[in-house]
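> My structure is below; once you've seen it, I'll send some questions.
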Amino acid sequence: VSHEAPPVEALIPHRGRARLVAEVLEVRPGALLCLTRIPAGHALAAKGRVPSFVSVEMAAQAAAALLALERPDSKGPLPIGYLVGVRDARFPVPEMEMGEPYLASVTATGEAPPLRLYAFEVARDGVTYATGTLSTFLAAP
Amino acid sequence: MFALPDGFALLEASLDDGGWQARLRVEDDHPALDGHFQGNPILPGIAQVGLAVHGASQAAGSAVVVTAIPSVRFRKVVRPGEVLELRVERPDPGGTVRFELRSAGALACSGSLTTGSP
């Protein structure tokens with residue numbers, strides 16, 4: 001299901017080199033697919049690459065965008081979901097390249113407010129760079 | 001032995017049979033704080049994991065890469081200026097490394113990483 005999503009800046013509070021989500025591509029109930037990139041000057045970058053565990057942040061930002069799109073009042077304040085856990089994450093490829101497009105997907109798999117669980121995957125050109133589960137804590141507005 | 005990630009000031013460090021421990025300060029201009037978030041700077045979880053990976057290399061005596069994260073929990077927000085206490089155990093034979101990161105005595109982040117050679 002395609003979705004006409006607002007600009008990413010309107011969905012997540014990350015700015016500048018901290019923002020990894022470039023574009024929301026698809027939204028379904030409880031799931032989101034987005035285009036991500038590692039920007040120049042990223043804190044963990046060295047020689048044009050970052051370790052693939054940075055994909056956890058890609059997924060966390062995708063989860064934040066999904067939370068924002070699911071809020072009842074689309075003009076209300078952005079919900080803040082803090083990353084509180086990562087489990088069973090695997091990184092078959094040890095490094096990712098800066099500036100290249102990676103697809104990040106998150107699917108909500110469980111909820112016990114204020115906690116929410118997501119399965120995630122990050123891939124590029126059909127190659128999986130990361131899979132796993134992350135959990136977020138939804139802060140009170 | 002290995003370059004400390006940008007944005008941390010090493011206050012003291014030691015290596016013993018159990019692993020590597022260090023006290024570090026989060027610099028106000030830590031690059032991971034730029035845009036994360038405006039007016040509310042918070043050290044991202046992956047920057048904490050990156051610090052643990054540095055500690056894993058120190059504990060192992062050789063550079064390591066992370067191939068998996070069996071489990072990591074982020075329990076406390078970390079902000080610029082905080083002094084962190086990191087303890088990283090030596091990798092077990094399977095490459096698993098356990099670590100704890102504390103701030104003002106409170107556990108900020110802990111878990112296990114699976115590491116391998118670059």
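> Between A:Leu78 and A:Glu9, what is the spin-label point distance in nm, taking each point 7 Å from the Cα along the Cα→C-beta axis?
1.1
> For every other residue with a beta carbon closer than 12 angstrom to the beta carbon of A:Arg19, add +1 if it is Lys or Arg and -1 if Asp or Glu, then tell me the sum.
Charge balance in the 12 Å sphere: -1.
> Same structure, new question: Just to confirm my numbers, what's the Cα centroid distance between region B:4-48 and region A:67-120 in Å?
Rounded to whole Å, the Cα centres lie 23 Å apart.
> Taking a point 7 angstrom from the Cα of B:Leu15 along the C-beta vector, which residues in region B:36-66 have backbone N less than 14 Å away?
Output list for this probe position: B:54-64.
> If you bin every alpha carbon distance in the protein assembly as shown into 10 Å steps from zero, what whole percent lands in each bin?
7, 32, 38, 18, 4, 0
> State, as an integer percentage, the relative contact order of region A:19-81 based on alpha-carbon contacts under 8 Å between residues 6 or more apart.
Value for region A:19-81: 29 percent.
> Describe numerically, in nm with one decimal, the distance between label points set 7 Å from Cα along Cα→Cβ at B:Leu107 and at A:Thr107.
According to this spin-label approximation, the distance is 3.1 nm.
> Would you mind calculating the relative contact order of chain A from Cα pairs under 8 angstrom and at least 6 residues apart, reporting the percent as a whole number?
So the answer I get is 25 percent.
> Hey, another quick one. Is there a quick way to get the dipole size of the protein assembly as shown? I mean about its Cα centre, with the Cβ of Lys and Arg at +1 and of Asp and Glu at -1; what is the value in debye to the nearest 20?
It works out to roughly 300 debye.
> Considering region B:42-118, what Rg and Dmax in Å follow from its alpha-carbon atoms?
Every Cα atom of region B:42-118 included, Rg and Dmax give 11.9, 36 Å.
> Please pull out the direction-averaged projected area of chain A, using the convex hull of its alpha-carbon atoms, in nm² to one decimal place.
Computing the convex hull of the Cα atoms and averaging its projections yields 8.2 nm².
> Treat the count of other C-beta atoms within 10 Å as a stand-in for reagent exposure and order B:Asp6, A:Asp88, A:Asp73, B:Asp29 from fewest to most.
Placing the least packed residue first, the sequence is A:Asp73, B:Asp29, A:Asp88, B:Asp6.
> Quick check: pseudo-label points 7 Å beyond the Cα along Cα→Cβ at B:Phe2 and B:Val83, how many nm apart are they?
In this crude spin-label approximation the distance works out to 2.5 nm.
> In whole angstrom, and with the biggest value first, how far do the Cα coordinates of region A:86-141 range along each principal axis?
36, 23, 16
> From Cα pairs below 8 angstrom and at least 6 apart in sequence, can you work out the relative contact order of region B:16-99, rounded to a whole percent?
Value for region B:16-99: 46 percent.
> Enter the angle in degrees (range 0 to 90, nearest 10) between the Cα long axis of helix B:45-60 and the first principal axis of the Cα atoms of chain B, meaning the one along which they spread out most.
With both axes taken from Cα atoms, the answer is about 30 degrees.
> Roughly what angle does helix A:55-70 make with the longest principal axis of chain A, taking Cα atoms, 0 to 90 degrees, to the nearest 10?
With both axes taken from Cα atoms, the answer is about 20 degrees.
None of the figures in this text is laboratory data; all of them are computed from the coordinates on show. It should be emphasised that the depicted structure is a prediction, and the values quoted were computed from it without experimental measurement. Virtual Cβ from ideal backbone geometry, glycine too; neighbours counted across all protein chains shown.
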